[in-house]
Amino acid sequence: MQRFVLIIFVVILLFSCKSVKKQVFSSEEIETPHTWDRYDLIETIHQPIRTIRLSIHVFQDSLGAGNFNPFNPNGEKSEDWYWLNGLIDDASQKMGQLERMNMESSSTHIKDSRLRYQVVGLYTWKNQELYELNRVAYGVGNKMFDFVLQQPEVNFKDNSLHLFLAGNVNRDNSKIASRGIASGLADKRWTVLYNYYHQYLNNKNFWPAGLVSHEIGHNLGLRHTWNQDDGCSDTPQNAYHLEGNPKNFQCWNDNEPRGFRCDETFECSNNLMDYNAHQNALTQCQLQKIYANINRNKGGLNDILSIKESRLDSMYISGPPTCKETGIYRLENCPLGYRIEWYVSPRKAVQQPTGIGNRVTIKVADNYRGKVILSFRIYQDEEVVDFDRTIKLKPLYPGT
Ligand SMILES: [Zn+2]
């Protein structure tokens, strides 16, 4: 019953928001697909944490060789199993610890993308025909995808992103490099990763957490930033325009490659969607673009995402950072049906505060200047969770 009431409430809220928006935009604007691209309006940091379900598929040759072998002959997890799962866990964690952009950008530093990964299946396939496929091409990914859809033991066929670890080495441009191709911009289906096993055998420092997230970035709808217009003004073009560097050039790392303008940190991108040694930053616009795609379910993205039942991750205290005489503060995204307490510290900073449910009204005490901490405590089943926020206070009539 409670759930029913909540749904009604949310629906009314959505409709009321919509009718307010209609006063701002003309109805024509609302109908065009372009309006969906208004990702600049999305507040990334208040998104609930979403987990992307991943199924990993290793294509071995007909003898079970030539690629990772996650399971020993007796079925036990092997070293490769731990390496692959550790890689995804690390890539997932890094999505919550994004770095500041090295290159000059108008974007604020958003540390947590609010996106994570979870491996829901790890499969090996002894199949010579699929093992041979080593071209970086959509046809290859589609073939692998058609194959796994037909295998009865594969779970989450439509509800996970399938990562294909290609077997046979790709030698495009006579160079063996880690490569990838995603099924589309935004598309939930698959990503093929090439040469990972070769790199893993030949380079003990090979740890492509950024590369995996780069490909998933394509699945979520992101384009490269350095050689095309990616639709974001806060992703700088890479350093090709600097004197002495060729067009579409990008630095790999500090002083790499040598003989080019890559000697300053700000000349070397660390953006996830560039090719570089770091791949650990996303701009505000890139994240907003991802969430715009998720919100409109572009490419069926919602099929592969799970949101934690707990809404704690998306809760925060809203209200002005500076309270001038009086201010209203609310604990947002608070689930119904739980007991909430709140308190203000130091108590003398405010006049008798009043509140109901998740809403508190603060009045600044006469002559008080300084800060106050507003705390909400919610009792959720066995859990007690505190939310704090520091608020600056300004009295209307400051004393002398
Ligand atoms: Zn790419």
Quick check on residue 143: is it of a type outside the set (S, T, N, Q) and farther than 27 Å from residue 287 by Cα? yes
For residue 156, indicate whether it is of a type in the set (Phe, Trp, Tyr), within 16 Å of the ligand (Cβ to nearest atom), touching a strand residue (DSSP E or B) at 6+ places or on another chain (Cβ under 7 Å) and touching a residue at least 60 places away in the same chain (Cβ under 8 Å). no
Quickly run through region 228-254 and pick out the residues that are buried (at least 19 other Cβ atoms within 10 Å of the Cβ) and within 16 Å of the ligand (Cβ to nearest atom). 230, 232, 235, 238, 250
Which condition does residue 277 not pass, out of (1) out of contact with any strand residue (DSSP E or B) (no Cβ under 6 Å at 6 or more places or on another chain); (2) within 18 Å of residue 177 (Cβ to Cβ); (3) touching a residue at least 12 places away in the same chain (Cβ under 8 Å), if it passes all the others? (1)
From the residues in region 182-203 that are farther than 17 Å from residue 274 by Cβ and aliphatic (A, V, I, L, M), which one is farthest from the ligand (Cβ to nearest atom)? 201
Can we say residue 294 is outside any loop (DSSP other than H, G, I, E, B), of a type in the set (Val, Ile, Thr) and either without any contact (Cβ under 8 Å) to a residue 12 or more places away in the chain or within 16 Å of the ligand (Cβ to nearest atom) (or both)? no
Would you confirm, using the coordinates I've provided, whether residue 130 is assigned to a strand (DSSP E or B) and closer than 15 Å to residue 60 by Cα? no
Condition met for residue 182 (within 28 Å of residue 285 (Cβ to Cβ) and among the aliphatic types (A, V, I, L, M)): yes
Looking at this structure, is residue 279 at pLDDT 90 or above, within 16 Å of residue 101 (Cβ to Cβ) and away from the ligand (no atom under 16 Å from the Cβ)? no
Please go through region 239-263 and give me each residue that is farther than 23 Å from residue 111 by Cβ and touching an Asp or Glu at 6+ places or on another chain (Cβ under 8 Å), ordered by number. 239, 242, 250, 251, 255, 261, 262, 263
Do we have any residue at all in region 135-149 that's within 15 Å of the ligand (Cβ to nearest atom), of a type outside the set (Phe, Trp, Tyr), over 17 Å from the mean Cα position of the chain (by Cα) and surrounded by fewer than 19 Cβ atoms within 10 Å (Cβ to Cβ)? yes
It is to be established whether one or more residues within region 252-262 are basic (Lys, Arg) and out of contact with any Lys or Arg (no Cβ under 9 Å at 6 or more places or on another chain). yes
Select from region 228-238 the residues that are over 15 Å from residue 104 (Cα atoms) and in contact (Cβ under 8 Å) with a residue 24 or more places away in the chain and list them in ascending order. 230, 231
Checklist (1) more than 16 Å from the ligand (Cβ to nearest atom); (2) of a type in the set (S, T, N, Q); (3) assigned to a loop (DSSP other than H, G, I, E, B); (4) under 22 Å from the mean Cα position of the chain (by Cα) applied to residue 302, failing item: (3)
Looking at region 117-136, which of the residues that are in contact (Cβ under 8 Å) with a residue 24 or more places away in the chain and out of contact with any strand residue (DSSP E or B) (no Cβ under 7 Å at 6 or more places or on another chain) is nearest to residue 185 (Cα to Cα)? 135
Criterion violated by residue 122 - all others in (1) part of a loop (DSSP other than H, G, I, E, B); (2) surrounded by 13 or more Cβ atoms within 10 Å (Cβ to Cβ); (3) not hydroxyl-bearing (Ser, Thr, Tyr) satisfied: (1)
Considering each residue of region 171-181, count those that are within 16 Å of the ligand (Cβ to nearest atom) and touching a helix residue (DSSP H, G or I) at 6+ places or on another chain (Cβ under 9 Å), and give that number. 5
Within region 204-227, can one find any residue that is away from the ligand (no atom under 16 Å from the Cβ), touching a helix residue (DSSP H, G or I) at 6+ places or on another chain (Cβ under 7 Å), under 29 Å from residue 188 (Cα atoms) and free of Cβ contacts under 8 Å to residues at least 60 places away in the same chain? yes
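The values are calculated or read from the model by the stated rules, or taken from the named source; none is laboratory data. Small disclaimer: the values here were computed from a predicted structure and weren't measured. So basically every Cβ, Gly included, is an ideal-geometry build from the backbone, and we count neighbours across all protein chains shown.
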